[in-house]
1. Go through Lys108/Lys379; Lys108/Lys489; Lys110/Lys521; Lys108/Lys274; Lys321/Lys493 and tell me which ones have a Cα-Cα distance over 31 Å in this structure.
2. Quote the accessible area belonging to Phe388 in square angstrom, nearest 10, computed with a 1.4 Å probe and with ligands, DNA and RNA left uncounted.
3. Would you check the accessible area of Val320, probe 1.4 Å, heavy atoms only, in square angstrom rounded to 10?
4. By per-residue mean of other Cβ atoms within 10 Å, what is the highest-first order of 204-214, 500-510, 100-110, 142-152?
5. Quick one: ranking Arg218, Arg127 by accessible area, 1.4 Å probe, largest first, what do you get?
6. If you average the alpha carbon positions of the stretch 148-188 and of the stretch 358-395, how far apart do those two centres end up, in angstrom?
7. What accessible area, in Å² to the nearest ten, does a 1.4 Å probe give for Cys420?
8. Accessible area, 1.4 Å probe, largest first: how do His124, His430 sort?
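The values are calculated or read from the model by the stated rules, or taken from the named source; none is laboratory data. Only a predicted model underlies this, so the values are computations on that prediction, with no experimental measurement involved. When we count neighbours, we look across all protein chains shown, and the Cβ atoms used for this are built from the backbone with ideal geometry, even at glycine. Heads up: the accessible areas ignore ligands, DNA and RNA and are worked out on the full protein's heavy atoms, side chains in. Shrake-Rupley method; radii C 1.70, N 1.55, O 1.52, S 1.80 Å.
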Amino acid sequence: MVCMWRVCHWGSVFAARLQRKDCGSRLAGFLFRYSSTKTAPQIPGMQYQDAICTLNTLQTNASALEQVRRGRSHPQLQLQAMKSFLERVGLTVEDLDHLNIIHVTGTKGKGSTCAFTEQILRGHGFRTGFYSSPHLVQVRERIRINGQPIGKELFTKYFWQVYGRLEETKEAHGGTMPAYFRFLTILAFHVFLQEKVDLAVIEVGIGGAYDCTNIIRRPWVCGISSLGIDHTPILGDTIEKIAWQKGGIFKPGVPAFTVKQPEDAMAVLRERAKEIGCPLWVCPELEDYHADCGPLRVGLAGQHQRINASLTPIGMNQTVKHGAVTYFLDGAHTIRSMQACVDWFIDAAAQHERKASGPVARVLLFNATGERDSAAMIKVLVPCHFDFAVFCPNITEAISSCNADQQNFNVSVENMLTRCLDNERSWRLHTSRADSNGSQLLIEDSLPLVPENKAETLVFPCILSALQWITQGRDSAVADSAKMVLPVKPSIKDKAAPLRDAAEIHVLITGSLHLVGGVLKHFDPVSSK
C-alpha cells in the first residue's frame with residue numbers, strides 16, 4: 001500500500017498466525033445433488049477441470065447481468081446477500097476480522113498495487129495471501145499464497161469444500177447460489193484462513209462501497225490507486241460519483257492512503273474519510289522518496305506506473321519476443337490507460353525498431369468487452385501508425401477443446417463477434433480508410449452467427465486464428481500444425497505479404513485483460529492445461 005514502509009513496520013502485529021479447524025471433514029461422504037449431469041463431477045474422482053466447469057455454471061449470463069444492474073438501486077442488499085452466502089459456508093464476518101487484510105481499490109493500477117505490495121511484504125518474510133481479478137490464463141491466478149497461484153490439487157480441495165456447503169444449503173435458501181465473483185471471493189477467504197496466512201491483500205472487484213469484498217469490517221489499511229471514468233452504468237458517470245464509491249472501503253479508525261487524484265475526486269475522498277472517521281493520507285510522488293541506494297526506480301514502462309508507484313504497483317504491460325515476432329502486451333481497457341499504453345508502445349517499439357535488421361511491420365490486435373468505449377480507445381491508438389489492425393473476440397481457439405479456465409458465458413459468441421465488427425468499423429472511420437466495397441472477411445467460410453451482410457470485415461473468430469495470420473508461420477508457439485487452422489481467402493493471404501517480407505513483426509495486443517490472457521495461454525500451453 002501507499003507508504004508501504006510504514007505498513008512493514010507493523011510486522012509484529014502481522015506475525016500472529018491464525019488458528020482454525022480444518023473443515024474438510026464436514027464434507028466426508030457428502031453426496032452432491034445436481035439438476036444437470038452435464039456439469040456434474042464424477043464422485044469420488046473430482047478433478048480440477050470438473051471444479052472449473054462447475055465454477056463456470058455460476059457465471060452470470062448477459063440478461064441476468066442486466067437484472068443485476070437494475071438491482072443496484074438497492075445496493076446494500078448485495079452485501080447482505082454476500083454475508084448470507086458466507087454464513088452458509090460456515091464463516092462469518094467476525095472470522096474475517098482475524099485475517100490481517102490490506103484492502104485496495106481504484107480505477108487504474110489497483111491490481112498492480114496489490115501485487116507489488118504483496119511482493120514487498122513477502123520479501124520481509126511474511127506468509128501472504130493475494131486475491132485479485134480477473135485471471136489471465138487460469139482462475140487459480142486469482143488466489144495466491146506467497147506470490148504463487150494455489151496448486152490445482154489445493155484449488156480442487158477447497159473448491160469442493162465451499163461449493164459443497166453452498167449446494168447442501170441451497171434448497172433452504174430458495175435455490176440461490178452465489179455468482180462467479182462472489183463465489184471466488186468466499187473461496188479466497190476460506191483458503192487464506194485455512195492456509196493461515198500472516199496477511200491477505202484483497203483487490204476490490206468493481207467500485208468499493210457495494211463490492212462483495214467490502215464485507216471486510218476491520219482491514220489493517222486501505223488504499224486507492226488512480227481514479228478515472230470506468231464502469232459508469234454501475235458506479236456513475238462522473239469522477240465525483242466514482243470517487244464516492246471507491247471511498248466506500250474506508251473504515252472507522254483504519255488508515256487509508258491514496259495517490260494524488262483529480263481535484264474533484266480528492267474532495268469527495270476527503271469528505272468520505274471525514275464522514276466515516278478514517279485518517280486519509282495522500283502519498284508523495286515517487287521522486288519524493290529517498291533511499292540509501294539513490295532515487296527509487298520502477299522496473300516497469302509507462303508513466304502511469306510512476307503515478308501509482310508510491311502505492312506500490314506492478315504493471316500489466318510486458319514485451320515478449322519470439323524470434324522475428326515481438327509482442328507488446330498491455331491490459332489497458334480505459335481511455336486513460338490506453339493513452340498510457342500508446343505512450344509506452346511508441347517508445348518501446350521505437351527502441352526495438354532501431355535494432356531491427358530491416359523493415360518492421362506493425363500490427364494491432366484489439367478487443368474490448370462490456371460497455372467500454374472502444375471507439376474512443378481505438379481513436380487513441382491511431383497515432384501508432386499500424387500496418388494492420390486485427391480484431392477478434394476473447395475466444396482462445398475456435399475448437400471444442402478450449403480450456404475451461406478461458407470459458408466466458410457472460411456474453412454470447414454472436415455478441416462478441418458483433419462487437420468486433422463494430423470495432424473494425426470504428427478503426428476504418430478514424431483512419432479514413434472506409435471504401436464503398438467494405439472490408440473482406442479473413443476466414444474462408446462464413447461465420448454462422450454473423451449476418452451475411454456483415455460478413456465482409458477484418459475480423460477473426462478467435463485469438464489463435466488471428467495470431468496465426470499475423471505471424472505467418474514465424475512464431476512456433478502459435479504455428480502448431482496439430483491445431484485446427486481455419487482456411488483463409490487467397491486475397492487475404494496476398495495482403496499478408498508485408499508480414500512475410502518484414503524483418504520483424506511488432507504486435508500490440510491491448511483493449512482487454514482477457515485478450516492478453518488468451519494470448520499468453522498460447523505462449524505457454526502446458527501450464528494452462
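1. Numbers: Lys108/Lys379 20 Å; Lys108/Lys489 40 Å; Lys110/Lys521 23 Å; Lys108/Lys274 24 Å; Lys321/Lys493 24 Å.
Exceeds cut-off: Lys108/Lys489.
2. So the heavy atoms of Phe388 present about 30 Å² to solvent.
3. Result for Val320: roughly 30 Å² accessible.
4. Working: 204-214: 23.2, 500-510: 21.4, 100-110: 26.7, 142-152: 18.0.
Those peptides, ordered most packed to least, come out 100-110, 204-214, 500-510, 142-152.
5. Working: Arg218 150, Arg127 60 Å².
Heavy-atom accessible area, descending, gives Arg218, Arg127.
6. Answer, in whole Å: 37.
7. 0 Å²
8. Working: His124 105, His430 65 Å².
Ranked list, largest accessible area first: His124, His430.
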